[in-house]
Amino acid sequence: MNPLVLGIESTCDETGVALVEGTDLLVDVTASSMDEHARFGGIVPEVASRAHLEAFLPTLEQALDRAGRTLSEVDAIAVAAGPGLVGSLTVGNAAAKALALALDRPLYGVNHVIGHAVVDELVHGEFPDRVMSLVVSGGHTSLLLIEGSAVTVRELGHTLDDAAGEAFDKVGRLLGLPYPGGPHIDRLAREGDPTAIPFPRALTAPKFKATHAYDFSFSGLKTAVARWVEAEQDAGREIPVADVAASFADAVADVLMMKTLDACREHGVETLVIGGGFSANSQLRDMATTRGEAAGIDVRIPPIRYCTDNGAMIAALGSAVMRNGGVASDLGIGVDSSMPLTTVSV
Ligand code: KG4
Ligand code: ZN
């Protein structure tokens with residue numbers, strides 16, 4: 001019988017609580033404070049921390065209620081110990097430690113970003129021995145080589161500046177779209193021509209092969225979009241918003257998939273898992289499916305509800321760590337706002 005793992009997520013603006021048994025998801029409840037941040041055009045950490053405090057107990061109660069389980073049935077507590085906003089993390093970790101102490105159950109402090117990949121085990125089953133994972137969100141763009149179902153994780157590359165979602169949000173702002181701009185650009189891009197404007201593909205030239213083969217950079221692309229829009233405005237022309245969105249989205253997806261499939265090929269990995277809030281992006285999903293198929297790579301992308309921050313990803317990783325014989329965390333662990341992506345659990 002697999003242990004019943006309670007997962008707690010509080011790294012950013014989502015309070016998530018979930019119950020997982022092995023790779024079976026019993027329940028996943030999320031409360032979001034996004035609406036409270038929208039008018040500021042970005043996440044306000046203090047507002048997020050306070051929202052976690054208010055949302056935690058109701059979210060926990062709802063999760064237990066829906067699953068028809070009681071706290072006494074929980075075998076272990078998993079919590080995202082980093083990376084993320086320090087205040088938000090602290091609220092979730094304090095709650096997790098209180099539960100572990102009161103119930104006398106082991107605590108597993110796990111890595112939020114790796115959770116974005118491992119959540120796929122709840123949808124498509126246990127990972128094969130070696131998996132490539134592209135984790136893309138508003139805060140992260142990382143390429144991870146995951147071995148032994150999350151026993152070891154190697155970070156092959158990451159963004160040197162903006163994350164993919166962040167670049168979308170910034171371009172959204174300059175096109176006058178509401179925050180977060182990502183989903184709006186996605187929608188507009190579906191009506192535009194992705195070949196209309198040749199935006200740059202950063203770090204893809206052969207000279208970067210030795211130093212930045214698997215790193216990304218999106219801030220130059222964002223500037224290129226801004227310059228292009230400015231030049232059109234100066235010339236008195238109307239901005240073809242759908243074409244700008246489509247060409248920009250195509251540039252982002254193209255670079256992400258080019259590097260990710262190169263990494264799969266060079267490391268002899270046949271399974272690719274894409275996770276994180278940005279994997280909701282339809283241009284990326286379409287390109288991953290077609291190019292993955294052509295390259296003979298099994299591309300696994302969980303449904304969108306598991307791609308945004310949630311408790312299921314944390315419970316899934318806690319469950320994987322336990323299956324792999326990982327040791328429980330000390331109750332004295334601190335949160336780590338910049339936890340390295342090679343750290344699976346602390
Ligand atoms: O993982 P996530 O939910 O949270 C954080 O990283 O904090 O990712 C959210 C990010 C935001 O930047 C949002 O604009 C972007 O993912 N995003 C999208 C889409 N859906 C969410 N970007 C492009 N297309 C989408 N469909
Ligand atoms: Zn996340």
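Looking only at segment 137-153, decide whether some residue is within 16 Å of ligand 2 (Cβ to nearest atom), of a type outside the set (A, V, I, L, M, F, W, C) and within 30 Å of residue 233 (Cα to Cα).
For segment 137-153, residues within 16 Å of ligand 2 (Cβ to nearest atom), of a type outside the set (A, V, I, L, M, F, W, C) and within 30 Å of residue 233 (Cα to Cα): present.
Could you please find all residues in segment 164-184 being outside any helix (DSSP H, G or I) and near ligand 1 (Cβ under 7 Å from one of its atoms)? Give the steps one after another, and end with the answer.
Residues of segment 164-184 outside any helix (DSSP H, G or I): 175-181.
Across segment 164-184, the qualifying residues are 180, 181.
Kindly provide the set of residues from segment 57-91 that are assigned to a helix (DSSP H, G or I) and within 17 Å of residue 25 (Cβ to Cβ), ordered by number.
Kept after step one, since they are assigned to a helix (DSSP H, G or I), are these residues of segment 57-91: 57-67, 71-73, 86-91.
Once the filter is applied, which keeps residues that are assigned to a helix (DSSP H, G or I) and within 17 Å of residue 25 (Cβ to Cβ), segment 57-91 yields 59, 60, 62, 63, 64, 65, 66, 67, 73.
Quick one: count up the residues across segment 283-304 that are within 11 Å of ligand 1 (Cβ to nearest atom) and open to solvent by 40 Å² or more (accessible area, probe 1.4 Å). Walk me through how you get there before you give the answer.
Applying the first criterion (within 11 Å of ligand 1 (Cβ to nearest atom)) to segment 283-304 yields 283-285, 304.
Now restrict to residues that are open to solvent by 40 Å² or more (accessible area, probe 1.4 Å): 285, 304.
Final tally of qualifying residues: 2.
Condition first: assigned to a helix (DSSP H, G or I), among the aliphatic types (A, V, I, L, M) and farther than 17 Å from residue 195 by Cα. Now tell me which residues in segment 224-255 satisfy that.
We begin by selecting, within segment 224-255, every residue assigned to a helix (DSSP H, G or I); these are 224-234, 241-255.
Filter again for among the aliphatic types (A, V, I, L, M), leaving 224-226, 229, 231, 241-242, 244-246, 249, 251-253, 255.
Residues satisfying the conditions are 226, 231.
I need every pair where a residue in segment 255-272 that is open to solvent by less than 50 Å² (accessible area, probe 1.4 Å) has its Cβ under 8 Å from the Cβ of a residue that is of a type in the set (S, T, N, Q), sequence separation at least 6 or different chains.
255/204; 256/141; 259/204; 272/133; 272/260
Looking at the structure I just gave you, is residue 247 crowded, with 21+ Cβ neighbours inside 10 Å, over 19 Å from the mean Cα position of the chain (by Cα), away from ligand 1 (no atom under 16 Å from the Cβ) and not assigned by TED's automatic domain parsing to the domain that holds residue 99?
On the way: crowded, with 21+ Cβ neighbours inside 10 Å: yes; over 19 Å from the mean Cα position of the chain (by Cα): yes; away from ligand 1 (no atom under 16 Å from the Cβ): no; not assigned by TED's automatic domain parsing to the domain that holds residue 99: yes.
Here the answer is no, as residue 247 does not meet what is asked.
When you look at residue 86, is it at pLDDT 95 or above and open to solvent by less than 40 Å² (accessible area, probe 1.4 Å), yes or no?
For residue 86, the condition - at pLDDT 95 or above and open to solvent by less than 40 Å² (accessible area, probe 1.4 Å) - is not met.
Go through segment 160-182 and count every residue that is within 16 Å of ligand 2 (Cβ to nearest atom) and open to solvent by 20 Å² or more (accessible area, probe 1.4 Å).
Total satisfying the criteria: 3.
Filter segment 1-24 down to the residues that are surrounded by fewer than 23 Cβ atoms within 10 Å (Cβ to Cβ) and in contact (Cβ under 8 Å) with a residue 40 or more places away in the chain, then identify the one that is nearest to ligand 2 (Cβ to nearest atom). Give the derivation first.
Initial filter on segment 1-24 (surrounded by fewer than 23 Cβ atoms within 10 Å (Cβ to Cβ)): 1-4, 21-24.
With in contact (Cβ under 8 Å) with a residue 40 or more places away in the chain added as a condition, the list becomes 2-4, 21-24.
Details: 2: 25, 3: 24, 4: 24, 21: 23, 22: 23, 23: 20, 24: 22 Å.
Here the residue is 23.
May I ask you to say which residue of 282, 319, 345 is polar (S, T, N, Q) and in the same structural domain as residue 79 (by TED's automatic domain parsing)? Steps first, answer last, please.
Numbers: 282 fails: in the same structural domain as residue 79 (by TED's automatic domain parsing); 345 fails: in the same structural domain as residue 79 (by TED's automatic domain parsing).
Result of the check over 282, 319, 345: 319.
What's the number of the condition residue 100 fails, among (1) within 16 Å of ligand 1 (Cβ to nearest atom); (2) open to solvent by less than 30 Å² (accessible area, probe 1.4 Å)?
For residue 100, the exception is condition (1).
Can you tell me which residue within segment 65-83, out of those that are open to solvent by 10 Å² or more (accessible area, probe 1.4 Å) and either within 19 Å of residue 151 (Cβ to Cβ) or basic (Lys, Arg) (or both), is farthest from ligand 1 (Cβ to nearest atom)?
The residue in question is 69.
Considering segment 329-346 alone, what residues qualify as being open to solvent by 50 Å² or more (accessible area, probe 1.4 Å) and closer than 17 Å to residue 76 by Cα?
330, 331, 332, 346
Return the residues of segment 185-214 that are closer than 23 Å to residue 231 by Cα and not in a loop (DSSP other than H, G, I, E, B); say none if nothing qualifies. Full working, then the answer.
Looking only at segment 185-214, we keep the residues that are closer than 23 Å to residue 231 by Cα, and these are 185, 188-189, 191-202.
Once the filter is applied, which keeps residues that are closer than 23 Å to residue 231 by Cα and not in a loop (DSSP other than H, G, I, E, B), segment 185-214 yields 185, 188, 189.
Working only within segment 309-328, note down all residues that are surrounded by fewer than 21 Cβ atoms within 10 Å (Cβ to Cβ) and not in a helix (DSSP H, G or I).
324, 325, 326, 327, 328, listed by residue number.
For segment 130-149, check the following and say yes or no: at least one residue is surrounded by fewer than 18 Cβ atoms within 10 Å (Cβ to Cβ), modelled with pLDDT of 95 or more and of a type in the set (Lys, Arg).
yes
The values are calculated or read from the model by the stated rules, or taken from the named source; none is laboratory data. As the structure is a prediction and not an experimental result, all values here were calculated from the model. Note that each Cβ is placed from the backbone with ideal geometry, even for glycine, and that neighbours are counted across all protein chains shown. Ligands, DNA and RNA are stripped out before the accessible areas are found, and what is left, the full protein with its side chains, is counted by its heavy atoms. Shrake-Rupley method; radii C 1.70, N 1.55, O 1.52, S 1.80 Å.
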